[in-house]
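One structure below.
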Amino acid sequence: MPLNTTALVIFVILFALVTFIGFFAGRWRRGNLDLLHEWGLGGRRFGTVVTWFLIGGDLYTAYTFIAVPALLFGAGAIGFFAVPYTVMIYPFLYLIFPRLWSVCHKHGYVTSADFVRGRYGNRWLALAIALTGIVATMPYIALQLVGMQVVIGAMGIETSGFFGDLPLIIAFVILAAFTYSSGLRAPAMIAVVKDMLIYITVFAAIIAVPVHMGGFGPMFAAIPKAKLLLAAPPAGSWGSFSAYATLALGSACALFLYPHSITGILSSSSGRVVRRNAALLPAYSLMLGLLALVGFMAIAIGVATMPQFAPGFKAYSNNFSVPALFMAMFPDWFVGVAFAAIAIGALVPAAIMSIATANTYTRNVYREFINPNCTDLQESQMAKIVSLVIKAGALVFIFFVPLQYALWLQLLGGVWIIQTVPSVIIGLYTRFFHGWALFFGWLAGFGIGTWMVLLNNYAPVYPLKILGTTFPCYIALAMLVLNIAVATVLSLVFNAVVPDKSHDMTQAADYA
Amino acid sequence: MSDHDNEHRPVRRVLWARLLLLLPFIAMLWVSSYNSVEPMVAGIPFFYWYQLLWVLIGAALIAFVYAVER
């Protein structure tokens, strides 16, 4: 692909601006960055507006902006499950997470595993929750790099070989440096710039493409029938309907359990801020839904058959559909803005994810098992170093492991993280469950879920046979049901034999 | 009461209002109710505009529950 100089210049300018903001952010609402909750939670004092940008920038990642339209582009209507998924996450956020905020604020918990440790007094269960969060997030960070790689490649920079990897290395060194020095304040401030760029880009696409095509009618008319709707289920099966519904519901249950989501929630200044945001964050869902349709716009414009994009599709397959559409529709300078939005959109979640996993490792592995007497300074220092290691790991992963593995691990990550629902979410409401019963429930869901995904050739939906009908179900959701069943049965036994309710360090009033 | 106290006052949970938050789940999980092209609006098939509309309805319901519980 030819080098797109105009786009590249705009891109570099915006990237430089964001770098400056990242380093400057450490001085914003100044706190003692040698304390873990200051570095890793921004001092828990983000109000409604900052939290909106932070969680929005955190959940709606660069990878989302590339992959969701790419899924519609490639697979059609099933890819739209991202919309019902994001409709269902906000009732969860409103009802459940202010409770988690409240108990964590009361006891100074920084991670969900901190809460589990306090609630169940079981360090091994807490370790399981912590490690699940870390391994589920790692491939997610790696995928953020994919989004960045695609737009860098689209601007005409060769992205293979050592010199091809260089732009990505530079971007990540910058990211690592400002995360290290400013902590969570950096992505919070950068998220404001990122989101404005993203909104501008999406609305430009949503207006420009239908105008170009003469309305949405001709655009949808150009979509093949098979892609426009879900396939009607065959007799004796729920077919694509249950696949669509369980993918949406399972993803919704899993989302706020990821360490980076929890970090976003806990950094807000009150439960009320979390509730307000449950009503305000759907603005991002609307944008995501509109952006998903960009995948159809790419079909309608016919980017796949344009000769100038052939190398891009060869290198990045369907993930190239969004960049290709932007290049086909917009002047070069605006392509620079759009691509910068996507690349910066990768930095924000990557920073928050690395901070969240660093918090988790430091609190629930290092302080719990390795150095229980560490000082506050040692604790925050460890977290800063781990955040560097995690980013380096993601970079190595992207360079040396085929992309397909990152996608598979990301799918497995969803199956894994949902197994923490009984300990963290149900644990907010009841102490019926025994700590060890939750551990074995987690083990069953994690182990059998992983095995099923492998057995299913890495497809997320497994055709369950229930009473003679076929019910294609998202594996994560089916394994959550298994997990809860195991934990319930074992709790009845364990509570009778070795009750552990006295280990609970929280009180009913903490959950206000 | 200072603003800070107001922010940290425990929420007054109103059950009937909270039950409204079941509606987005019912609507979105009932896939067969919206897997159709007609009725189209402005050339957009039902399947797409209906689900996008639920993003707005969902947000409005949450805002309503928030207002009731304040």
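Yes/no matrix, rows are residues, columns are (1) in contact with an Asp or Glu (Cβ under 7 Å, 6 or more places away or on another chain); (2) under 27 Å from residue A:237 (Cβ atoms); (3) polar (S, T, N, Q):
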position	(1), (2), (3)
A:404	no, no, yes
A:436	no, no, no
A:442	no, no, no
A:455	no, yes, no
A:465	no, yes, no
A:469	no, yes, yes
A:483	no, yes, yes
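Considering region B:43-68, and only residues there that are of a type in the set (Val, Ile, Thr) and over 11 Å from the mean Cα position of the chain (by Cα), the residue that is farthest from the other protein chains (Cβ to nearest Cβ) turns out to be B:68. When restricted to residues that are more than 7 Å from every other protein chain (Cβ to nearest Cβ), charged (D, E, K, R) and surrounded by 11 or more Cβ atoms within 10 Å (Cβ to Cβ), region B:14-42 contains 0. Within region A:153-163, the set of residues being open to solvent by less than 10 Å² (accessible area, probe 1.4 Å) and not in a loop (DSSP other than H, G, I, E, B) comprises A:153, A:154.
Conditions (1) farther than 21 Å from residue A:59 by Cα; (2) at pLDDT 90 or above; (3) aromatic (Phe, Trp, Tyr); (4) buried (at least 24 other Cβ atoms within 10 Å of the Cβ), marked per residue:
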site: A:315; (1), (2), (3), (4): yes, no, no, no
site: A:325; (1), (2), (3), (4): yes, no, no, yes
site: A:335; (1), (2), (3), (4): yes, no, no, yes
site: A:346; (1), (2), (3), (4): no, no, no, yes
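Got a sec? Which of A:354, A:380, A:321 is closer than 30 Å to residue A:303 by Cα and among the polar types (S, T, N, Q)? Within the list A:354, A:380, A:321, the selection yields A:321.
Condition test on residue A:285, is it of a type in the set (S, T, N, Q), open to solvent by less than 10 Å² (accessible area, probe 1.4 Å) and more than 7 Å from chain B (Cβ to nearest Cβ)? Against the criterion (of a type in the set (S, T, N, Q), open to solvent by less than 10 Å² (accessible area, probe 1.4 Å) and more than 7 Å from chain B (Cβ to nearest Cβ)), residue A:285 does not qualify. Elements of the type helices (runs of 4 or more DSSP H) sitting completely within region A:372-441 and holding at least 2 residues that are touching a Pro at 6+ places or on another chain (Cβ under 8 Å) and buried (at least 17 other Cβ atoms within 10 Å of the Cβ): these cover A:403-417.
Every residue, every condition in (1) assigned to a helix (DSSP H, G or I); (2) surrounded by fewer than 24 Cβ atoms within 10 Å (Cβ to Cβ); (3) without any contact (Cβ under 8 Å) to a residue 24 or more places away in the chain; (4) of a type in the set (Asp, Glu), yes or no:
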residue	(1), (2), (3), (4)
A:54	yes, no, no, no
A:63	yes, no, no, no
A:66	yes, no, no, no
A:69	yes, no, no, no
A:72	yes, no, no, no
A:81	yes, no, no, no
A:87	yes, no, no, no
A:95	yes, yes, yes, no
A:99	yes, yes, no, no
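Within region A:214-251, being more than 7 Å from chain B (Cβ to nearest Cβ), farther than 16 Å from residue A:76 by Cα and either of a type in the set (Gly, Ala, Ser) or in contact with an Asp or Glu (Cβ under 7 Å, 6 or more places away or on another chain) (or both) holds for A:214, A:235, A:236, A:237, A:242, A:250, A:251. In region A:233-331, counting only helices (runs of 4 or more DSSP H) that sit wholly within it, the ones holding 3 or more residues that are in contact with a Leu (Cβ under 8 Å, 6 or more places away or on another chain) and within 27 Å of residue A:351 (Cα to Cα) span A:239-255, A:259-266, A:271-280, A:282-301. Applying a threshold of 7 Å to beta carbon distances and a minimum spacing of six or more residues, or different chains, the list of pairs starting in region A:195-206 at a residue that is closer than 20 Å to residue A:63 by Cβ and ending at one that is among the small types (Gly, Ala, Ser) reads A:195/A:56; A:195/A:57; A:197/A:340; A:197/A:341; A:198/A:341; A:198/A:345; A:201/A:338; A:201/A:341. Being closer than 24 Å to residue A:130 by Cα and in contact (Cβ under 8 Å) with a residue 24 or more places away in the chain is true of residue A:424.
Taking the numbered list (1) at pLDDT below 90; (2) open to solvent by less than 10 Å² (accessible area, probe 1.4 Å); (3) among the hydroxyl-bearing types (Ser, Thr, Tyr) in turn, residue A:354 passes all entries but (1). Remark: pairs (first residue in region A:481-501, closer than 12 Å to residue A:419 by Cα; second residue polar (S, T, N, Q) and open to solvent by 60 Å² or more (accessible area, probe 1.4 Å); Cβ separation under 8 Å; 6+ apart in sequence or on different chains) are absent.
Looking at region A:26-49, is at least one residue surrounded by fewer than 16 Cβ atoms within 10 Å (Cβ to Cβ) and hydroxyl-bearing (Ser, Thr, Tyr)? No, the conditions are met nowhere in region A:26-49. The lone criterion from (1) at pLDDT below 85; (2) within 20 Å of the chain's Cα centre (by Cα) left unmet by residue A:304 is number (2).
Suppose we filter A:418, A:390 for residues that are within 17 Å of the chain's Cα centre (by Cα), touching a residue at least 12 places away in the same chain (Cβ under 8 Å) and more than 30 Å from residue A:168 (Cα to Cα); which single one remains? Even if it seems obvious, please write down each step before you answer.
Numbers: A:390 fails: more than 30 Å from residue A:168 (Cα to Cα).
The match here is A:418.
Residue A:148: surrounded by fewer than 22 Cβ atoms within 10 Å (Cβ to Cβ) and part of a helix (DSSP H, G or I), yes or no? Against the criterion (surrounded by fewer than 22 Cβ atoms within 10 Å (Cβ to Cβ) and part of a helix (DSSP H, G or I)), residue A:148 does not qualify. Residue A:58 meets the conditions (1) assigned to a helix (DSSP H, G or I); (2) among the acidic types (Asp, Glu); (3) farther than 17 Å from residue A:252 by Cα in every case but one. The failed one is (3).
Got at least one residue in region A:453-460 being surrounded by 16 or more Cβ atoms within 10 Å (Cβ to Cβ) and at pLDDT 90 or above? Within region A:453-460 (the criterion being surrounded by 16 or more Cβ atoms within 10 Å (Cβ to Cβ) and at pLDDT 90 or above), the answer is yes, since at least one residue qualifies. Does residue A:127 meet the test of being within 11 Å of chain B (Cβ to nearest Cβ) and within 22 Å of the chain's Cα centre (by Cα)? No, not satisfied. If the condition is being under 16 Å from the mean Cα position of the chain (by Cα), at the interface with chain B (Cβ under 9 Å from one of its Cβ atoms) and aromatic (Phe, Trp, Tyr), then region A:40-91 contributes A:85, A:90.
The values are calculated or read from the model by the stated rules, or taken from the named source; none is laboratory data. In this text, all values refer to a predicted model and were calculated from it rather than measured experimentally. With ideal geometry, Cβ positions are generated from the backbone for all residues, glycine too; neighbour counts draw on all protein chains shown. These accessible areas exclude ligands, DNA and RNA; they are computed on the full protein's heavy atoms, side chains included. Shrake-Rupley method; radii C 1.70, N 1.55, O 1.52, S 1.80 Å.
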